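Data first, discussion second: the structure below is written as structure tokens.
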Amino acid sequence: MVETDINMRTELMESTQVQSVDRSDTKVADMKQQVNATIGEPFAKDPKMQARQVNVYYGNKQAIFNVSLDLGKNEVVALIGPSGCGKSTFLRCMNRMNDTIPICRVEGNITLDSEDIYADAMDPVLLRARVGMVFQKPNPFPKSIYDNVAYGARLHGLAFNKAELDEIVITSLQKAGLFDEVKDRLHEPGTGLSGGQQQRLCIARTIAVSPEVILMDEPASALDPIATAIIEELIDELRQNYTIAIVTHSMQQAARVSQRTAYFHLGKLVEIGETNQIFTNPKHELTENYITGRFG
Amino acid sequence: MNATTLLVVIIGLTVFGYVIGRMRSIKVSQGTGGPSSLHSLPKYYGYMVALWCGIPALILLVLWLVLEPGILRSLLLDELPTTMSTLSENELSLVMNDLQLLADSGRIDAETDPHKKAAAIKLLELNSTSELMRNVLIFLVALNGIIWGLANVKIDMRARVFVERIIRYLLILCSLVAILTTIGIVLSVLFESIRFFKSVPITDFIFGTEWSPQTAIRADQVGSSGAFGAIPLFAGTLLISAIALIIAVPTGLMSAIYLSEYASRRFRAVAKPLLEILAGIPTVVYGFFAALTVAPFIRKFGESIGLNVASESALAAGVVMGIMIIPFVSSLSDDVISAVPKAMRDGAYGMGATQSETIRQVLIPAALPGIVGGILLAASRAIGETMIVVMAAGLAANLTVNPLQAVTTVTVQIVTLLTGDQEFDSPKTLAAFALGLMLFVTTLVLNVIALHIVRKYREQYE
Amino acid sequence: MNNTELIKKGLPKRYRREKRFRLYGMMAVMVGFIFLLILLTDIISKSLPAFSQHWIQLEVQFDPDVLGVAADAEGKALRHANYRAILKRAIRAEFPDVSKRRDKSKLAALISSSAEYELRDMLIEQPYLLGKAKTVWVRADDDLDTYYKTADKANAVRLTEKQIAWADRLQENNLIESRFNSTLFSDGDSREPEQAGIRGALVGSLYTLLVTLLLSFPLGVSTAVYLEEFAPKNRWVDLIEVNINNLAAVPSIVFGLLGLAVFINYFGLPRSAPLVGGLVLTLMTLPTIIIASRSAIKAVPPSIRQAALGIGASKTQTVFQHVLPLAMPGILTGTIIGLAQALGETAPLLMIGMVAFIVDIPQGFVDSATVLPVQIYLWADSPERAFVAKTSAAILVLLIFLVVMNGLAVFLRKKFERSW
């Protein structure tokens, strides 16, 4: 196993270009087969965000190899794969969160509504308002529940008076399914909520600025099963209005919430397809091994 | 043979004990199949004998040195004329000092007062007897230790266990020094303060607004009867500390933020140690700089814009003290800001906050308890700072909030009251201890609160 | 107007604020730098005059009559001769036109009082000079010395007009020479700036630091070893820990009060002695050394301990033979930093009488002594203008010592830095 890993890594390093050919009829069984091409259809009919030939480096180390992937409008794309496979890194490229890491370098092309998000004309601040992000660990600010949700609106000057701000806060909390639980204590600190509530608060905070895309980095991994179930329901509802990409370690979760699923392995997008197909009929042996729990 | 030589002799005997103990253990083991039949390595038997030799002797020596003066004194008192015993404690100690000087001077023959002469001769006699007794006794104890230790060198003697237990006791003893220091501080300032409060009521001291500690030494001197109202000192201390904090807190906080959030790695690698140099410069140097450069500069500048600035203005001392505290505030802020979890930062960036918005609206509020703790520590440092104010602040106890005037501080008064020659028991010197008590209590409370806040803050994010 | 446009509208203002904030940060860093720069330039420029000293060339007649000794006097008799008189004659010989009594004494005041002792020592060493003449160089008085060193001659405050004229004449006649001021490093304190040096204070500092090192190192390391390796987790040990943390923040002057009350008044140790100074500084530096040693010991990975224990070493052997040697660089670094603090400390030493005026160079741990920072404090208080330069020079020496010590600490840390 170790040996093949090393083998594969060197081969991956050599691969330079992506081939996004549909090979749905080719059943690949050989472990040593080169993973220099993504299996499945990475492109969406009605794309909101498009990533093309993205390479990411941390210093000299390459973390993402030639990944191309679309996020379609009103769909949930799940990114799965073993730890350290680069799925979180890829997600963070989508709203330039990687800018905050000095040694990180991104190559390739990512667009939002056909606008290059890495172009000089694109403002990262504006981009992040349009492409929101929810993190693995609930991270409410050390402020009241109200101020947490109102933060983005205040920051970007989206509300012109108190009534508008109240409106934004209440709708966002309602959309995040949290309003009924917290309506009597909006001015208590957000850190006093339970883990699941905190995470929904963070989602409310994100949707308060009405983003177009929401990126979720393992949003339920720190939560108990009940809280997780609530979050999953919420994601399904949010799909009506937003484009969502979710990184998850839980295959059940991916199966429950997503329409399409992408499998990452060692920085490489190995396979992508309809969620149903990936979980029932994976084409690549690596995907199959992961899905069936042989490693991960 | 004086105490130092005796110490060397004890050390010599201890080393000898080690060598002979080690040899002895090897010899003992020969009957039963060599050193490997011993419970411990031969060197542990050496250590054991050495410990038996050195420790009792050293304990005895220390006891002797501590107790000797008191015993000699009472012996000497018996020799002195009975009139002496009616003298007060103070006068008596003066007489004793006199005698000691006379005895040491080697010119006893020249002394005219027969009582003094006799007493001095007696003192010399007592001294030499005591020294001889001490030396003999301690030598015997050390020797006895070696013999006792050697008697204990047996095959099944668990020498290593013994030695290790003693080492552990010694370690515990060492760690008690820190406790003893605190107790020593508390007792010394407390006792003298209580004596002070017997002559000056504590309420007068804490609430009095006039400070002029110059008491008349002779009855015929005019004027100053001594006033010990410490309010002007507290006010002066607070004024200077406040100026220092106004300079140090924003500057220290902002430079910590700049260095940790904005500066390039190379700039930081150069700038951080350079800033820390400021913390390493001795306070006496800052004092010199404040008194000879900053104070005249502020005075001239004030005059040029028509302000009347005292030559020892609170501003000069405060500004320089503030600069001194910058690296302190800066490194504490750096610590607490970097303790804010990365998730918090990501949250703000993820919402589309700019870097400064993240810092001002998320990082600083999140780090606030830690920063407050740091400011309290800085305040305690400013309040206790001595040399800058001694050299650059005034002596006159003005009750004012005008930073351009001269004020005095608690530490300045402690130094003024205790340097120079005066009797130890006058209210003047005791007042210094009362001020010391105030200083100790204030800084202690500030530190305890600050350390508590900082610890709670860290636990929150761990 | 949709959100994107709203946000875009606010952006320029937000970026301006961002820039301003960044600028404030830069300015804050610069404040520290600029101050450091001013401080160092100020002290270095002020100290420069202290490193040179002007000497006056005089033709001295060792006339026994003027000296007030017999023509064949030797040894002890020469000790109490009137050297002041021959000096006066010698300088008057350069200025034959000075005749008034007051002027004559003003003229003699240009020579340092140390010249008498130099002549005395010279004559005692070379008795054959008696009755002969010799060209000698003697120190100029500090006022004259300062006059030559001041660029702005009109502002030389402490010389009279006549004295200034004489001073200029001495210089014109090439009787003045500027030399390196070795006195600064070879002599003890003095009331006369031209005779004052830092040797006494340096030796005092050395003795004091030696006491501090000898006591604080074993005590500090033992405490750290106990707390880190042996101490059980109970209230007592918590108390010791809290106590040490608080001691680290107690103002240094309070340690001085402790020293005065306990060591001097209670135990009757001598005032002004390096021994007492060292004891006080020991108590003061202990927390620093303990805290540094503990973190050094803590940094040794448990695997080392387990390995040693695993092959049958006792707990004590493990600690002393394996953990402690590995932690030693960190401990030494902490100790050096603690000692550097102690070297620069002034306030507590004022309390225990190390502030006295001491001319002699201390010979032992119980001799009256002062230390370098206290010497700086004393000189800074002196009214003579030449002492400003001496003070700055002493500060420079102190700073150099501190830089060397801290440099050593940094070197140790870098050299033995290990990542486990």
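Every number here is computed from the coordinates shown, using simple stated rules; none is lab data. Because the structure is a prediction, the values reported are computed rather than measured. Note: ideal-geometry Cβ built from the backbone for every residue, glycine included; neighbour counts use all protein chains shown.
Could you please tell me the mean projected area of the C-alpha convex hull for region B:227-460, averaged over all directions and given in square nanometres to one decimal?
For the Cα atoms of region B:227-460, the hull's average projected area reads 15.2 nm².
Could you please state, rounded to a whole Å, how far the C-alpha centre of region C:185-235 is from the C-alpha centre of region B:318-385?
34
In percent, how large is the relative contact order of chain A, given Cα pairs closer than 8 Å and 6 or more residues apart?
This gives 25 percent for chain A.
Given Cβ point charges of +1 (Lys, Arg) and -1 (Asp, Glu) and nothing else, what value in debye, to the nearest 20, does the dipole of region C:98-142 about its Cα centre take?
Its charge dipole is roughly 400 debye.
With a ≥ b ≥ c the root eigenvalues of the C-alpha gyration tensor of chain B, is it rounded (a/c under 1.5), prolate (a/b larger than b/c) or oblate?
Oblate.
Quick one: among C:A307, C:A90, C:A409, which has the greatest mean-square fluctuation in a GNM of chain C with alpha-carbon springs under 10 angstrom?
C:A307
Taking the Cα centre as origin and putting +1 on Lys and Arg beta-carbons and -1 on Asp and Glu beta-carbons, what dipole magnitude results for region B:227-460, to the nearest 20 debye?
Dipole size: approximately 680 debye.
Let a ≥ b ≥ c be the square roots of the eigenvalues of the Cα gyration tensor of the protein assembly as shown; is it rounded (a/c under 1.5), or, if not, prolate (a/b larger than b/c) or oblate?
Here the protein assembly as shown falls in the prolate category.
Using θ = phi - 60° and the Karplus curve 6.51 cos²θ - 1.76 cosθ + 1.60, what whole-Hz ³J(HN,Hα) does each residue of region C:255-265 get, with Gly and Pro shown as x?
5, x, 4, 4, x, 5, 6, 8, 6, 8, 7
Of all GluC sites (Glu not before Pro) in region B:141-214, which ones are in loop regions per DSSP and have a Cβ with at most 16 other Cβ atoms within 10 Å?
Qualifying residues, ordered by number: B:E210.
For an R0 of 56 angstrom, estimate the FRET efficiency from the Cβ-Cβ distance between B:F267 and A:S83 and round to the nearest 0.05.
E(calc), rounded to 0.05, equals 0.95.
³J(HN,Hα) across region C:175-190 via Karplus (A = 6.51, B = -1.76, C = 1.60, θ = phi - 60°), whole Hz, x for Gly/Pro?
9, 10, 9, 9, 10, 5, 8, 6, 3, 3, 9, 10, 10, x, 5, 7
Could I have the simple spin-label model distance between C:K100 and B:E459, label points 7 Å from Cα toward Cβ, reported in nm to one decimal?
According to this spin-label approximation, the distance is 8.3 nm.
Based on DSSP loop calls and a cut-off of at most 11 other Cβ atoms within 10 Å, the longest stretch of chain A free of exposed trypsin sites (Lys or Arg not before Pro) is what?
A:46-293
Check A:I64: other-chain or 5+ apart residues with amide H under 5 Å from its amide H, H built from backbone geometry?
Counting only residues 5 or more places away or on other chains, the set is A:V56.
Report ³J(HN,Hα) in whole Hz for each residue of region A:146-155, in order, from the Karplus equation J = 6.51 cos²θ - 1.76 cosθ + 1.60 where θ = phi - 60°; Gly and Pro get x.
So the Karplus estimates, Gly and Pro as x, are 4, 5, 4, 6, 6, 3, x, 4, 5, 4 Hz.
With runs of 4+ DSSP H residues as the only contributors, calculate the mean residue ellipticity of chain A at 222 nm using -39,500 (n - 2.57) per run, divided by the residue total and rounded to the nearest 500.
The per-residue figure over chain A is -10000 deg cm²/dmol.
Pairs of Cα atoms under 8 Å, at least six residues apart: use those to get the relative contact order of chain C, whole percent.
Relative CO of chain C lands at 19 percent.
Amide H of B:M157: which non-local residues (sequence gap of 5 or more, or other chain) have their own amide H closer than 5 Å, using H built in the peptide plane?
Placed amide hydrogens put B:H39 under 5 Å from B:M157.
Along the charge dipole of region B:227-460, Cβ charges K/R +1 and D/E -1, which of B:A269, B:M254, B:L315 sits furthest on the positive end?
B:A269
Under Stokes-Einstein, with the Kirkwood radius over Cα pairs standing in for Rh, what whole-number D in µm²/s applies to region A:2-291 at 4 °C and 1.567 mPa s?
It comes out at roughly 66 µm²/s.
Using a Gaussian network for chain C with springs between C-alpha atoms less than 10 Å apart, which of these wobbles most: C:F320, C:F365, C:F217?
In the Gaussian network model the winner is C:F320.
List the relative contact order of chain B as a percent without decimals, with contacts defined as Cα pairs under 8 Å and 6+ residues apart.
RCO, chain B: 16 percent.
Would you mind checking B:K300/C:K162; A:K73/C:K8; C:K233/C:K315; C:K162/C:K390; B:K154/C:K315; C:K104/C:K134 for any pair whose Cα atoms are more than 20 angstrom apart?
Listed pairs above 20 Å: B:K300/C:K162; A:K73/C:K8; C:K162/C:K390; B:K154/C:K315; C:K104/C:K134.
Please identify, among A:S221, A:S114, A:S144, the residue showing maximal mean-square fluctuation in a Gaussian network model of chain A using a 10 angstrom Cα cutoff.
A:S114
Along the charge dipole of region C:199-416, Cβ charges K/R +1 and D/E -1, which of C:G200, C:A292, C:W379 sits furthest on the positive end?
C:A292
Can you list the aspartates and glutamates whose alpha carbon sits under 17 Å from that of A:K61, skipping same-chain ones fewer than 8 residues off?
A:D5, A:E11, A:E14, A:D99, A:E107
Using just the helices of chain B, give the 222 nm mean residue ellipticity in deg cm²/dmol: DSSP H runs with n ≥ 4 each add -39,500 (n - 2.57), and the total is spread over all residues, rounded to 500.
The per-residue figure over chain B is -25000 deg cm²/dmol.
Given R₀ = 56 Å, FRET efficiency for A:E107-C:Q321 by Cβ-Cβ distance, to 0.05?
Taking R0 as 56 Å, the efficiency between A:E107 and C:Q321 is 0.55.
Evaluate the charge dipole of the protein assembly as shown about its Cα centre and quote only its size in Debye, nearest 20, assuming +1 on the Cβ of each Lys and Arg and -1 on the Cβ of each Asp and Glu.
The dipole magnitude comes to about 1360 debye.
For peptide A:246-257, what's the mean number of Cβ atoms from other chains within 10 Å of each residue's Cβ?
Mean shielding count: 0.
Let me make sure I get this right: for chain C, a, b and c are the square roots of the gyration tensor eigenvalues over alpha carbons, sorted descending. Under 1.5 in a/c it's rounded, otherwise prolate if a/b > b/c, else oblate. Which is it?
oblate
If you take the charge dipole of region A:171-237 about its Cα centre, with +1 on Lys and Arg Cβ and -1 on Asp and Glu Cβ, which of A:H187, A:T206, A:I235 is farthest toward its positive end?
A:H187
Expressed as a whole number of Å, what is the distance separating the alpha-carbon centroids of region A:117-189 and region B:4-75?
75
Test of understanding: what is the full-extension gain from B:L101 to B:V186, defined as 0.36 nm times their sequence separation minus their Cα-Cα distance?
27.3 nm
Do any trypsin sites (Lys or Arg not before Pro) in region B:139-178 lie in a DSSP loop with no more than 16 other beta carbon atoms within 10 Å, and if so, which?
In loop regions of region B:139-178 (DSSP not H, G, I, E or B), the sparsely surrounded trypsin sites (Lys or Arg not before Pro) are B:K154, B:R158.
Can you pull out the chymotrypsin sites (Phe, Trp or Tyr not before Pro) in region A:207-296 whose DSSP state is coil and whose Cβ has at most 14 other Cβ atoms within 10 Å?
Counting only loop positions with at most 14 other Cβ atoms within 10 Å, the chymotrypsin sites (Phe, Trp or Tyr not before Pro) in region A:207-296 are A:F295.
Inside 10 Å of the C-beta atoms of C:374-381, what's the mean count of C-beta atoms belonging to other chains?
Taking all residues of C:374-381 together, the mean is 4.
Near the amide H of A:A78, under 5 Å away, which other amide H atoms are found, from residues 5 or more places off or on another chain, if H is placed in the peptide plane?
A:I246, A:Q259, A:R260, A:T261, A:A262
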